[in-house]
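To keep things clear, I will list the structure first and then write my remarks on it.
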Amino acid sequence: QVQLVESGGGLVQAGGSLRLSCVASGSTFGKYAIGWFRQAPRKEREFVGAVDLGNTYYADSVKGRFTISRDNAKSTVYLQMNSLKPEDTAVYYCAATTGWRGYESASTYDYWGQGTQVTVSS
């Protein structure tokens, strides 16, 4: 199994940027696709994006503003968030799966990090 730890959250003004990191340990990193999800208060967890070994995938709400990258040597996935909006405020989670499809569904993922808070002020 794999353990995931997110970091990089914080408070930022609208229009600003943050970079989240998701560090994996405990298993061969290359066998996992990694997804990013977020959950705002009183809302369901929603898909943000994902990266497998060759491709990245994004929700329409973040396309063009967020970028996911992967450094297999460091067992780390990054979520670069630019042009942040107040509606991006949420707890952000990374998750891992050995299934290579269905990335938009939270049920696809077997392992989750503890989450990191992102707050965007207007």
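The values are calculated or read from the model by the stated rules, or taken from the named source; none is laboratory data. Just so it is clear, the model here is predicted, and its values are computed rather than measured. Here Cβ is always computed from backbone atoms with ideal geometry, including for glycine, and neighbour counts include all displayed protein chains. What goes into the accessible areas is simple: the full protein's heavy atoms, side chains included, and nothing from ligands, DNA or RNA. Shrake-Rupley method; radii C 1.70, N 1.55, O 1.52, S 1.80 Å.
Looking at this structure, is Val12 open to solvent by less than 60 Å² (accessible area, probe 1.4 Å), in contact (Cβ under 8 Å) with a residue 40 or more places away in the chain, within 19 Å of Asp110 (Cβ to Cβ) and β-branched (Val, Ile, Thr)? It would help to see each step written out before you state the result.
Values: open to solvent by less than 60 Å² (accessible area, probe 1.4 Å): yes; in contact (Cβ under 8 Å) with a residue 40 or more places away in the chain: yes; within 19 Å of Asp110 (Cβ to Cβ): no; β-branched (Val, Ile, Thr): yes.
When the stated conditions are applied, Val12 does not pass them.
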Can you find, within the range 86-122, the residue that is modelled with the lowest pLDDT among those that are open to solvent by less than 30 Å² (accessible area, probe 1.4 Å) and of a type in the set (Val, Ile, Thr)?
Thr97
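Which residues, counting only those in the range 47-66, are outside any loop (DSSP other than H, G, I, E, B) and either out of contact with any strand residue (DSSP E or B) (no Cβ under 7 Å at 6 or more places or on another chain) or buried (at least 16 other Cβ atoms within 10 Å of the Cβ) (or both)? Steps first, answer last, please.
Filtering the range 47-66 for residues outside any loop (DSSP other than H, G, I, E, B) gives 47-51, 56-58, 66.
Scanning the range 47-66 gives Phe47, Val48, Gly49, Ala50, Val51, Tyr57, Tyr58, Phe66.
I'd like the residue in the range 68-85 that is of a type in the set (Ser, Thr, Tyr) and assigned to a strand (DSSP E or B) and, out of all such residues, is most open to solvent (accessible area, probe 1.4 Å).
Looking only at the range 68-85, we keep the residues that are of a type in the set (Ser, Thr, Tyr), and these are 69, 75-76, 78, 83.
Then drop every residue that is not assigned to a strand (DSSP E or B), which leaves 69, 76, 78.
Details: Ser69: 54, Thr76: 9, Tyr78: 36 Å².
Across the range 68-85, the extreme among qualifying residues is Ser69.
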Restricting to the range 1-46, count the residues that are part of a loop (DSSP other than H, G, I, E, B) and not aliphatic (A, V, I, L, M).
15
